[in-house]
Amino acid sequence: MLLRELSFGGILVSPMLVFVLASLLIAAVLRTALHRTGLTRWIWQEAWFDVSLFVIVLALVVRFSTLVS
C-alpha cells in the first residue's frame, strides 16, 4: 500500500498531499474542457459541481495509486 510518507529533500510529505495536488490538476483540466465544449450551461450549481468533481477525481487517484503499488 502506498500510504507511507514520501521524502522530498529530507522532508517527509504525506502522500495525501500529492494525491490532492494531482486531483486539483486533473479536475482543473476537466473543468476547462467542459467550459470549452459548452457543457457547463447544463450545470445548475457550479460550486457544488466543482466540489463533486474534485472528490470523484480524488477518489479515482487514490484508488488508482493503490492498484499500481
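Every number here is computed from the coordinates shown, using simple stated rules; none is lab data. Quantities reported herein were computed from a predicted structural model and do not represent experimental measurements. Every residue, glycine among them, receives a Cβ derived from its backbone with ideal geometry; neighbour counts consider all protein chains shown.
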Using Cβ counts within 10 Å as a stand-in for footprinting exposure, how do PHE49, PHE8 rank, fewest first? PHE8, PHE49
For the chain, which semi-axes, largest first and in whole Å, follow from the square roots of 5 times the eigenvalues of its Cα gyration tensor? 29, 12, 10
Karplus ³J(HN,Hα) for the range 13-25 (6.51 cos²θ - 1.76 cosθ + 1.60, θ = phi - 60°; Hz, whole; x = Gly/Pro) runs 10, 5, x, 5, 4, 5, 5, 5, 5, 5, 5, 4, 5
